[in-house]
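Asker: Sharing a structure with you now.
No value in this document is a laboratory result; all are computed from the given coordinates. Predicted, not measured: the structure shown is a model, and the values here were computed from it. Note that we place each Cβ from the backbone using ideal geometry, even for glycine, and neighbour counts take in every protein chain shown.
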């Protein structure tokens, strides 16, 4: 999966979960980028994706997930209003189905 922005792009690798299989079927779409604390997210079409058995609300830096309740792809880059300490806690459980494969080194370096 490729996310294109005005001046850069991010390549994502999908795992073989049901969520990833549904996301892989998305045709090209445009979305407004939203932020919540240091999380970014953007809406997709409602794909009927439900939280899977491994859904969680705490992610690691740069981890890409699908937020079922908001029909959105979410990327955790840092604290949100519900984080405790230095954790990256999202508003509710998400399916972690994507892996940031390009720019990860840059993003981690620029965070420190």
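Asker: Most exposed first by the Cβ proxy, i.e. fewest other Cβ within 10 Å, how do 9, 39, 63, 87 rank?
Answerer: Ordered from fewest to most neighbouring Cβ atoms within 10 Å, 9, 39, 63, 87 come out as 9, 87, 63, 39.
Asker: Ranking 35, 44, 19 by Cβ neighbours within 10 Å, fewest first, what do you get?
Answerer: With the sparsest Cβ surroundings first, the list reads 35, 44, 19.
Asker: What is the list of residues in segment 77-91 whose amide nitrogen lies under 16 Å from a point 7 angstrom out from the Cα of residue 60, following Cα to Cβ?
Answerer: Counting only backbone N, you get 77-78, 87-89.
Asker: Okay, next question. Gaussian network model of the chain, Cα springs within a sub-10 Å range: biggest mean-square fluctuation belongs to which of 29, 77, 42?
Answerer: Fluctuation is largest for 29.
Asker: Within segment 50-76, find all residues whose amide N lies under 19 Å from a label point positioned 7 Å from the Cα of residue 21 along Cα-to-beta-carbon.
Answerer: Within reach of a label on residue 21: 50-55, 66-68.
Asker: Which entry in (i) 50, 33, 27; (ii) 35, 33, 25; (iii) 57, 33, 26 is this structure's computed Cα extents along the principal axes in Å?
Answerer: After the calculation, the listed value that fits is (ii).
Asker: Please arrange 53, 25 by counting, for each residue, the other beta carbons lying within 10 Å of its beta carbon, fewest first.
Answerer: 53, 25
Asker: A follow-up question, please. Divide by every residue of the chain the summed helix terms, -39500 (n - 2.57) for each DSSP H run of at least 4, and state the resulting mean residue ellipticity at 222 nm, rounded to the nearest 500 deg cm²/dmol.
Answerer: Value at 222 nm, helices only: -3500 deg cm²/dmol.
Asker: Starting from 0.36 nm per residue, how many nanometres of slack lie between residue 4 and residue 84 once their C-alpha separation is accounted for?
Answerer: 25.6 nm
Asker: Something else now. With the chain treated as a Gaussian network of Cα nodes joined by springs under 10 Å, which of 75, 49, 84 yields the largest mean-square fluctuation?
Answerer: Its mean-square fluctuation being the largest, the pick is 84.
Asker: Explain nothing, just the number: relative contact order of the chain, from Cα pairs under 8 Å at least 6 residues apart, as a whole percent. Walk me through the numbers on the way to the answer.
Answerer: Numbers: 209 pairs, mean separation 32.7, N = 112.
Value for the chain: 29 percent.
Asker: What residue among 90, 47, 14 shows peak mean-square fluctuation when the chain is described by a Gaussian network model with Cα springs under 10 Å?
Answerer: 47
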